[in-house]
Amino acid sequence: MAGPSRRTLARRLESIADFSDPAADLEQYLTPAELAAHICHLAGLHDDLERPVVDLGTGTGMLAIAASLAGADRVAGIDVDAGALDLARRNERTVLDDYSGDGRALEWLRGDVTRHPFSTTDATVVSNPPFGAQRGNRHADRDFLETAGEIAAVSYTIHNEGSQEFVESYAADAGGDVTHAFRAEFPLAKRFEFHTEAEETLEAEVFRIEWE
């Protein structure tokens, strides 16, 4: 059965609440609803939601909830921050209440993606990893790609502009193949003291990788 349209997904996801007190060191930003809808709609078109879905660094739960709405039967969101998981659970109740009786399972796990509890090698990973903008987080997205390569048959990850050469090189070295790459706007409201603008828009890049 076909999942909801991309527009319908985005409209449902707009009710997801953002962090009230985000942690700068974890680069906690709300994944835009339109972008989450685009990724999960694309995953549905490629039958990637037929597999178990894992959202690495789930944060508000945006991508995990989007995957569930788009038709995934089994979804797990993992995050190192207990407060983020509490927020994800609240967002699940807000957005997925109407779907509580259809047999779908959404699980929230506390853990570090670099020391994950997953034993599968056939998952679909969705992830908006840290862009590495904060000191100490440089190349943080590499750790997320490494875990994706360990547990996934296919992954969808969001990266900072200019990451294509790095992502394609890493994937090739790890036995993966970038099948899709596209640009996306990532609007950010002022949320930390070091932000100088009320709102800015980052250019992001999204990659679909098939892993051996």
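The values are calculated or read from the model by the stated rules, or taken from the named source; none is laboratory data. The model shown is predicted, which means the values in this text are computed figures rather than measured ones. When we count neighbours, we look across all protein chains shown, and the Cβ atoms used for this are built from the backbone with ideal geometry, even at glycine. Ligands, DNA and RNA are stripped out before the accessible areas are found, and what is left, the full protein with its side chains, is counted by its heavy atoms. Shrake-Rupley method; radii C 1.70, N 1.55, O 1.52, S 1.80 Å.
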Potential extension, residue 202-residue 90 segment - 0.36 nm per residue separation minus Cα distance: 37.6 nm
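Kindly sort 166, 131, 207 by accessible area of their heavy atoms, largest first, with the probe set to 1.4 Å.
Values: 166 60, 131 40, 207 0 Å².
Result of the area sort, largest leading: 166, 131, 207.
For the range 17-64, what does the equivalent ellipsoid look like in terms of its semi-axes, each the square root of 5 times an eigenvalue of the Cα gyration tensor, given largest first in whole Å?
Numbers: eigenvalues 116, 27, 11 Å².
Each semi-axis is the square root of five times an eigenvalue, giving 24, 12, 7 Å.
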Rough spin-label spacing in nm, given labels placed 7 Å along Cα→Cβ, for residue 73 and residue 120: 1.2 nm
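Compare the peptides 48-54, 118-124, 35-41 by average per-residue count of other Cβ atoms within 10 angstrom and give them in order, highest first. Mind dumping the intermediate values first?
On the way: 48-54: 23.0, 118-124: 16.0, 35-41: 25.6.
Packing order, densest peptide first, comes out as 35-41, 48-54, 118-124.
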